[in-house]
1. Quick one: compute the contact order of the range 248-323, relative version, from alpha carbon pairs under 8 angstrom and 6+ residues apart, as a percent.
2. Label point 7 Å out from residue 67 along Cα-to-Cβ: which residues of the range 101-140 have amide N under 19 Å?
3. Work from the charge dipole of the chain (Cβ charges, +1 for Lys and Arg, -1 for Asp and Glu, about the Cα centre) and give the residue of 64, 130, 143 farthest towards its positive end.
4. Under the classification rounded if a/c is under 1.5, otherwise prolate if a/b is larger than b/c and oblate if not, where does the range 1-71 fall, given a ≥ b ≥ c as square roots of the Cα gyration tensor eigenvalues?
5. Could you rank the peptides 209-217, 38-46 by their average count of other C-beta atoms within 10 Å per residue, with the highest value first?
6. Enumerate the residues in the range 67-97 having an amide nitrogen under 15 Å from the point lying 7 Å beyond the Cα of residue 22 toward its Cβ.
7. Assign one of three labels to the range 251-314, namely rounded, prolate or oblate, based on the Cα gyration tensor with a ≥ b ≥ c the square roots of its eigenvalues; rounded applies when a/c is under 1.5, prolate when it is not and a/b is larger than b/c, and oblate otherwise.
8. Within the set 83/211; 195/435; 113/211, which residue pairs have Cα atoms separated by over 18 Å?
Amino acid sequence: MAAEHPGPSIGPSVAEILASHAGGTGSPAKTAARVADAIAARGDDGTWLSTVPRDGLIAAAEAIENRPGARTLPLYGVPFGVKDSIDVEGVATTLSCPDYSYIATATAPAVQKLLDAGALYVGKTNLDQFATGLNGTRTPYTVPRSVFGGEMISGGSSSGSALAVALGQVPFAVATDTAGSGRVPAALNGVVGYKPSRGLISTVGLVPACKSLDCISVMAGSVDDVDRALDVMIGRDDDDPWSRDRGPCYAGGAIRIGLPPETDLEFFGDDEMRRAHLAFREQLSRTNTVVEVSLEPFLAAGALLYQGPWVAERLVEFGDFLAAQPESIHPVVREILQGGYRYNAVDTFAALQKLQELKAAVARLWRHMDVLVVPTIGTTFTVEEVLAAPIDCNTKLGHYTHFGNLLDLLGAAVPLGLTADGRPYSAMLLGNALKDDTVLQLAAQILDEPRSSRPESATLIAAEEHL
């Protein structure tokens, strides 16, 4: 298996696709045919839950070609996938639960912006049911595996979005991230996973897991591809009560990096992952300004997510379905949802007060650093291991991600290579809310990617915020 899937095989980037379309060596229709053929060649591997048929995809690409001024569009003919918890008009939104499925009557604004920018919708990607899980096994459909083989999990809940990119089928895919779903699958498949600051991308048209925490995120093969997708998708939406404007541009100069003491790091007995991460930290320290930062308040906040009343927030969306059709829900997901009934209003207020204390403690830490760097995941698991201990494995996968949205942070999972025994390892770069551009700048530096300036509109927003 490992020889058959040696790792990611990233396809052409957004820039390369645009160049081929502009230069005449390719076209949206040719790109559509290539994507359809690549997906068909793999068969049902758990990446996609639905795709536009080959003829329909080519016809959609030809329609893009025939738009007035099409060649000037920022994503002219660029293919992409959408996690199947996000609406696309006329397409079933399943959340990986057939009995919950419905046909969407409108397209989510974030996806519509991509379509308006000339992007080519390919299909809906697999996910842990109801976006509840970080491992990719909680689906009644085919359980996906990591591109690194060895029966390694794909990660979740945005399992298919990460795989579609890692397999080279699309240069970017739309995902979501409530507790790490846009970062853990990226780490397990060797791609970039970016969870922006909450509210930058509209969540209208997303079936919520925890509405107060949900983010739409992006999987991509490079930081540049993330930037190009974000520049189209980001924008205020007055129909989204959490919506807010983009933060300031990276101002240049040294980026202060926070590193937890080694004793704060947890690798769950995975010595190879520990060695790989510590070697990366040492390299990072040689070329950057580094400060030591306690991880304790971050981890304490993360513990509140599934050991506190936020699990009950999932019942706002799925409580009626759980009561009416419990047998339609994956057993592990059903157990998690039912756990929400344990909490009352007193528990909720106590947790909110505790979280506010932790937010204040973390806010003080940002005075001394710009980006906090931790592992994305501390270890990896096989499908068999997760099925044998689904809750415990999932908790370990979220050790470094669960606290992100509770503390109003943004995060980038950055692939770094392989451990000595051939598994992927990844660093997660965390920033305070609205410091997206600084985090992406550091991600590009780590990956040795050149990075162009932010769009003028974003620069104006940043300037206005400082008036």
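1. Reported relative contact order: 39 percent.
2. Within reach of a label on residue 67, which here means backbone N under 19 Å from a point 7 Å along Cα→Cβ, the range 101-140 contributes 106-124.
3. Of the listed residues, the answer is 64.
4. Taking the square roots of the gyration eigenvalues as a ≥ b ≥ c, the range 1-71 is oblate.
5. Put in order of decreasing packing, that is 209-217, 38-46.
6. 70-78
7. oblate
8. Among 83/211; 195/435; 113/211, the Cα-Cα distance tops 18 Å for 113/211.
The values are calculated or read from the model by the stated rules, or taken from the named source; none is laboratory data. It should be emphasised that the depicted structure is a prediction, and the values quoted were computed from it without experimental measurement. Positions of Cβ are backbone-derived with ideal geometry, glycine not excepted, and every protein chain shown enters the neighbour counts. The protein model used for the area step is the full one, side chains on, heavy atoms only, and it has no ligands, DNA or RNA in it. Shrake-Rupley method; radii C 1.70, N 1.55, O 1.52, S 1.80 Å.
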